[in-house]
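The values are calculated or read from the model by the stated rules, or taken from the named source; none is laboratory data. None of these values were measured; they are calculated from a predicted model. Positions of Cβ are backbone-derived with ideal geometry, glycine not excepted, and every protein chain shown enters the neighbour counts.
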Amino acid sequence: PGADSLTLLQGGDLVHAKPIVALVIGSNKGVGAMNSITLIGTGRMGSAMARRLASAGYAVTVWNRSPARAYELATTSGISVAPSLVSAVSSADIVLCALSSGAATETVLLDPHFVSALPQHAIVCDMGTSGVNVALKLAEQLPPRRFIDSPVSGSVPAVESGQLLVMASGDPDAIAIVEPVMSAFAKRVIRVGDVGAGQSMKLSVNLIVHSLNSAVAEALALAVRSGISPSEAYEVFANSSVAAPYVLYKREAFLDASAPVAMSLDLVKKDLGLICAAAEEAQLSTPVLDGVRDEVSAACAAGRGSADMSDLVHFVLSG
């Protein structure tokens, strides 16, 4: 492949599981001198971010290795298509990366063609759950003080309503520059420390989210097996002391199997692997985490990996 394709390589083999997408975003409002923004990775979260940026008044240009999805996004959002990722990055002031794994993020952001095309003043923000080690490696090899480790809490509905939380770590001045752009889809950007702290905080948050998801799935399955309808059981959940925001916004997903996938069980499994590794490094005993990991791994092994994380209730009921 050519330099602009940035094909992912693993052990010498080509990997085509996730298309690499870039969006170049320029503001018609003006964001100081930093008004050329590139977003890499247009899956469910990236596409939602692009739409929010466009609706906030930013001009968005899309490049996708597989053009069909890019053109679909351009058609629905009034977003134009760029000829290549490298040409998009070459004039970027801010790069937002929203790829699905640390391996993909590291491969793309440290690709020699990408790095050589990146202006020295550009700020690069990894918004995915990539893991602490990847964040530290990116900070070491990208321009000094220009990398922000900035994972998010929330899924597609949170992006669409501008309610994401960004857990940013890195240079405070660089974070202050990108915060106005992120405000198009985030309610808050909280700096939690130096690079790596953002990933650590995200893993801590996701430990609660994934544990809560398993608890809701098992509790709902228990109620159903006891003769209570799912809707009646969830009505009680929603009006009881366990009515956390996650429980409330996942209500539709738990009750309607046809609801859109917000986060797949495969991605939950990936997150849990990172969390377990972090807990082991911290020398923590985590029996709850271990049980959740085993349950999600079993669900994925049973062929449910592409389903939404709420599908765990059906896996529990099938046992």
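Of note, I94 satisfies the criterion of being modelled with pLDDT under 90, touching a helix residue (DSSP H, G or I) at 6+ places or on another chain (Cβ under 6 Å) and closer than 24 Å to V152 by Cα. Pairs are defined by a Cβ separation below 9 Å, a sequence spacing of at least 6 or placement on different chains, a first member in the stretch 116-141 that is farther than 19 Å from A98 by Cβ, and a second member that is assigned to a loop (DSSP other than H, G, I, E, B) and basic (K, R); the pairs so defined are Q120/R146; H121/R146.
Take S306 and tell me if it is at negative phi, in contact with a strand residue (DSSP E or B) (Cβ under 6 Å, 6 or more places away or on another chain) and surrounded by fewer than 19 Cβ atoms within 10 Å (Cβ to Cβ).
Working: at negative phi: yes; in contact with a strand residue (DSSP E or B) (Cβ under 6 Å, 6 or more places away or on another chain): yes; surrounded by fewer than 19 Cβ atoms within 10 Å (Cβ to Cβ): yes.
Considered against the rule, which asks whether it is at negative phi, in contact with a strand residue (DSSP E or B) (Cβ under 6 Å, 6 or more places away or on another chain) and surrounded by fewer than 19 Cβ atoms within 10 Å (Cβ to Cβ), S306 comes out as yes.
The residues of the stretch 154-184 that are touching a helix residue (DSSP H, G or I) at 6+ places or on another chain (Cβ under 6 Å) and part of a loop (DSSP other than H, G, I, E, B) amount to a single one, A184.
Only one of the listed residues (A50, A22, A54) is within 29 Å of L272 (Cα to Cα), touching a helix residue (DSSP H, G or I) at 6+ places or on another chain (Cβ under 7 Å) and at pLDDT 75 or above. That residue is A50.
Do we have A219 as in contact (Cβ under 8 Å) with a residue 12 or more places away in the chain, surrounded by fewer than 19 Cβ atoms within 10 Å (Cβ to Cβ) and more than 20 Å from the chain's Cα centre (by Cα) here?
Working: in contact (Cβ under 8 Å) with a residue 12 or more places away in the chain: yes; surrounded by fewer than 19 Cβ atoms within 10 Å (Cβ to Cβ): yes; more than 20 Å from the chain's Cα centre (by Cα): yes.
Yes; evaluated as a whole, the condition is true for this residue.
Within the bounds of the stretch 133-141, is there any residue that is of a type in the set (D, E, K, R), in contact with a helix residue (DSSP H, G or I) (Cβ under 6 Å, 6 or more places away or on another chain) and either surrounded by 22 or more Cβ atoms within 10 Å (Cβ to Cβ) or on the phi < 0 side of the Ramachandran plot (or both)?
Step one: filter the stretch 133-141 for residues of a type in the set (D, E, K, R), giving 137, 140.
Now restrict to residues that are in contact with a helix residue (DSSP H, G or I) (Cβ under 6 Å, 6 or more places away or on another chain): none.
Looking for residues that are of a type in the set (D, E, K, R), in contact with a helix residue (DSSP H, G or I) (Cβ under 6 Å, 6 or more places away or on another chain) and either surrounded by 22 or more Cβ atoms within 10 Å (Cβ to Cβ) or on the phi < 0 side of the Ramachandran plot (or both), one finds none in the stretch 133-141, hence no.
Filtering the stretch 142-155 down to residues that are in contact (Cβ under 8 Å) with a residue 24 or more places away in the chain and within 14 Å of T129 (Cα to Cα), which residue is farthest from the chain's Cα centre (by Cα)?
As a first pass, look at the stretch 142-155 and keep what is in contact (Cβ under 8 Å) with a residue 24 or more places away in the chain: 142-143, 145-153, 155.
With within 14 Å of T129 (Cα to Cα) added as a condition, the list becomes 148-153, 155.
Details: I148: 15, D149: 12, S150: 10, P151: 7, V152: 7, S153: 8, S155: 8 Å.
For the stretch 142-155, the residue satisfying everything is I148.
Determine whether E295 is touching a helix residue (DSSP H, G or I) at 6+ places or on another chain (Cβ under 6 Å), surrounded by fewer than 19 Cβ atoms within 10 Å (Cβ to Cβ) and in contact (Cβ under 8 Å) with a residue 60 or more places away in the chain. It would help to see each step written out before you state the result.
Values: touching a helix residue (DSSP H, G or I) at 6+ places or on another chain (Cβ under 6 Å): yes; surrounded by fewer than 19 Cβ atoms within 10 Å (Cβ to Cβ): no; in contact (Cβ under 8 Å) with a residue 60 or more places away in the chain: yes.
Against the criterion (touching a helix residue (DSSP H, G or I) at 6+ places or on another chain (Cβ under 6 Å), surrounded by fewer than 19 Cβ atoms within 10 Å (Cβ to Cβ) and in contact (Cβ under 8 Å) with a residue 60 or more places away in the chain), E295 does not qualify.
Residues of the stretch 179-216 that are surrounded by fewer than 20 Cβ atoms within 10 Å (Cβ to Cβ) and among the basic types (K, R): K187, R188, R191. For the stretch 267-288, name all the residues that are more than 19 Å from A48 (Cβ to Cβ), part of a helix (DSSP H, G or I) and either touching a His at 6+ places or on another chain (Cβ under 7 Å) or not aliphatic (A, V, I, L, M) (or both). Hits for the stretch 267-288 are K269, K270, L272, G273, C276, E280, E281, P287. Here V115 meets each of (1) in contact with a Gly (Cβ under 6 Å, 6 or more places away or on another chain); (2) farther than 25 Å from A262 by Cβ with one exception, condition (1).
State whether the residues of the stretch 235-250 include one that is over 13 Å from D311 (Cα atoms), in a helix (DSSP H, G or I) and polar (S, T, N, Q). Please lay out each step first, then the result.
First, pick out the residues of the stretch 235-250 that are over 13 Å from D311 (Cα atoms): 235-249.
Still in the list and also in a helix (DSSP H, G or I): 235-238, 245-249.
Narrowing the set further to residues that are polar (S, T, N, Q) leaves none.
No, the conditions are met nowhere in the stretch 235-250.
The residues in the stretch 156-178 that are under 17 Å from the mean Cα position of the chain (by Cα) and surrounded by fewer than 23 Cβ atoms within 10 Å (Cβ to Cβ) can be counted, and the count is 8. Considering only residues that are at pLDDT below 80 and β-branched (V, I, T), look in the stretch 26-41 and name the one that is surrounded by the fewest Cβ atoms within 10 Å (Cβ to Cβ). Residue satisfying both the conditions and the ranking: V31. Here M182, M201 are screened, and the one residue that is in contact (Cβ under 8 Å) with a residue 12 or more places away in the chain and touching a Cys at 6+ places or on another chain (Cβ under 9 Å) is M182. Of the residues D266, D308, D290, the single one that is in contact (Cβ under 8 Å) with a residue 12 or more places away in the chain and touching a Leu at 6+ places or on another chain (Cβ under 8 Å) is D308.
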